[in-house]
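This report refers to the structure that appears directly beneath it.
The values are calculated or read from the model by the stated rules, or taken from the named source; none is laboratory data. Since we're looking at a predicted model, the values are computed, not measured. Neighbour counts run over all protein chains shown; Cβ positions are idealised from the backbone, glycine included.
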Amino acid sequence: MLYFSAVFFLQAYAIQQRTDLPCEDQELSDQCSKECRDDYISCFANCESSYCNSECLEVYQARYAAYALVKGKLHIFGGSSDSKKIARLDDCTLNELTVRLNEERQSGHAALSIENGEKALICFGRSGDIRKTCEIFDGSTTVSTFSADWTHRNGGLGLYKNQPASVGCYDYEHQKAEMLSASGWTALPDHPKRISDHSLVALENQSMLLIGGLDHGNGGAFQSGIWQLKDENWNQIGELLQANFWGSAIYIGRSIYYFGYNSRAIERLDFTETEDLQNVAQIGNQPGNYYLPVLFQTVSNYCI
């Protein structure tokens, strides 16, 4: 039987204070101002105007860290409470390490397990300015590596042809995709949309999927598209049952499990042995709106 965990660090790590970030712009509606003060998670769900949504999105995103597995252990990187922090999940306890990130990464950054899980690549993000930089963590030290040609805040990290890659950006609303090799970042084909806040998932056939997200060329519309980058071409190969963004995805046993934010839906994408998309099904709902939930495969009744 399959067991995987969705660890929601809303109270545990990334959010340590829920009421310290008011909506400061006076043009926001009273509803949005109140929600951003009292519960900025609900703010986005309750706002109707795109301007209000944008303000709540910025407040919400500013709280969160990135995560990746290193040597079989879940690690958390950065976040607004301490933008250089690295913490490790030991059994059921999250322990802060003495090693630190080289650069401040408050929000919108991404982390990815590389070199067969021995290391993590941490890139992009924001801490006053928007970053193009990257660094590598090996479990005990951090070293800087090549900076990307474009910033990819909220563009994520995935693997394409077994190399780290990123697509799009929230701030600059571009379509650019890049791949990191031993010699630096090289351009990949532009994505058809000005996309951000999607999930990137590698398949064993060396292609990469982009799931959901926001389409900035269409007013930030929520996306349901399942896109595949394969043989240097982007193609839409299917759709989620519900448009979603700020989601997390994990690939286990020829199925991708996608936990979305907007609809709270948990969807399963099933693939054939040749990794062609076969079916999309909703298999459950999250109990709340969780931004980028931490997903990892584990044993039954983990930490219960």
Exactly one of 234, 227, 246 is touching a Pro at 6+ places or on another chain (Cβ under 7 Å) and in the same structural domain as residue 198 (by TED's automatic domain parsing), and that residue is 234
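For the range 86-116, what are the residues that are of a type outside the set (Ser, Thr, Tyr), assigned to a loop (DSSP other than H, G, I, E, B) and more than 18 Å from the chain's Cα centre (by Cα)?
As a first pass, look at the range 86-116 and keep what is of a type outside the set (Ser, Thr, Tyr): 86-92, 94-97, 99-106, 108-112, 114-116.
Filter once more, keeping what is assigned to a loop (DSSP other than H, G, I, E, B): 91-92, 97, 99-106, 115-116.
Residues satisfying the conditions are 91, 92, 97, 99, 100, 101, 102, 103, 115, 116.
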Residue set 252, 226, 256; condition in contact with a strand residue (DSSP E or B) (Cβ under 8 Å, 6 or more places away or on another chain), surrounded by 20 or more Cβ atoms within 10 Å (Cβ to Cβ), within 16 Å of residue 295 (Cβ to Cβ) and touching a residue at least 24 places away in the same chain (Cβ under 8 Å); output residue 256
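A quick yes/no check of all residues on (1) buried (at least 23 other Cβ atoms within 10 Å of the Cβ); (2) touching a residue at least 60 places away in the same chain (Cβ under 8 Å); (3) assigned by TED's automatic domain parsing to the domain that holds residue 210; (4) within 18 Å of residue 203 (Cβ to Cβ):
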{"site": "135", "(1), (2), (3), (4)": "no, no, yes, no"}
{"site": "144", "(1), (2), (3), (4)": "no, no, yes, no"}
{"site": "149", "(1), (2), (3), (4)": "no, no, yes, no"}
{"site": "154", "(1), (2), (3), (4)": "yes, yes, yes, no"}
{"site": "161", "(1), (2), (3), (4)": "no, no, yes, yes"}
{"site": "169", "(1), (2), (3), (4)": "yes, no, yes, no"}
{"site": "175", "(1), (2), (3), (4)": "no, no, yes, no"}
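To keep it simple, each residue is scored yes or no on (1) modelled with pLDDT of 95 or more; (2) farther than 30 Å from residue 254 by Cβ; (3) among the acidic types (Asp, Glu).
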position	(1), (2), (3)
132	yes, yes, no
156	yes, no, no
161	yes, no, no
164	yes, no, no
173	no, yes, yes
177	yes, no, no
184	yes, yes, no
194	yes, yes, no
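Here is a list: 108, 139. Which entry is in contact (Cβ under 8 Å) with a residue 60 or more places away in the chain, closer than 17 Å to residue 200 by Cα and in the same structural domain as residue 207 (by TED's automatic domain parsing)? Break it down stepwise before answering.
Details: 139 fails: closer than 17 Å to residue 200 by Cα.
Going through 108, 139 in turn, just one is in contact (Cβ under 8 Å) with a residue 60 or more places away in the chain, closer than 17 Å to residue 200 by Cα and in the same structural domain as residue 207 (by TED's automatic domain parsing): 108.
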Residue 93 out of contact with any Gly (no Cβ under 9 Å at 6 or more places or on another chain), closer than 14 Å to residue 139 by Cβ and surrounded by fewer than 21 Cβ atoms within 10 Å (Cβ to Cβ) | no
Within the range 262-296, the count of residues that are part of a strand (DSSP E or B) and β-branched (Val, Ile, Thr) comes to 4
Got at least one residue in the range 231-253 being hydrophobic (A, V, I, L, M, F, W, C), within 14 Å of the chain's Cα centre (by Cα) and not in a strand (DSSP E or B)? yes
Contact list, first residue from the range 62-88 and touching a residue at least 24 places away in the same chain (Cβ under 8 Å), second anywhere and aromatic (Phe, Trp, Tyr) and not in a loop (DSSP other than H, G, I, E, B), beta-carbon distance below 6 Å, six or more apart or interchain, is 65/77; 66/77; 74/296; 76/67; 86/77
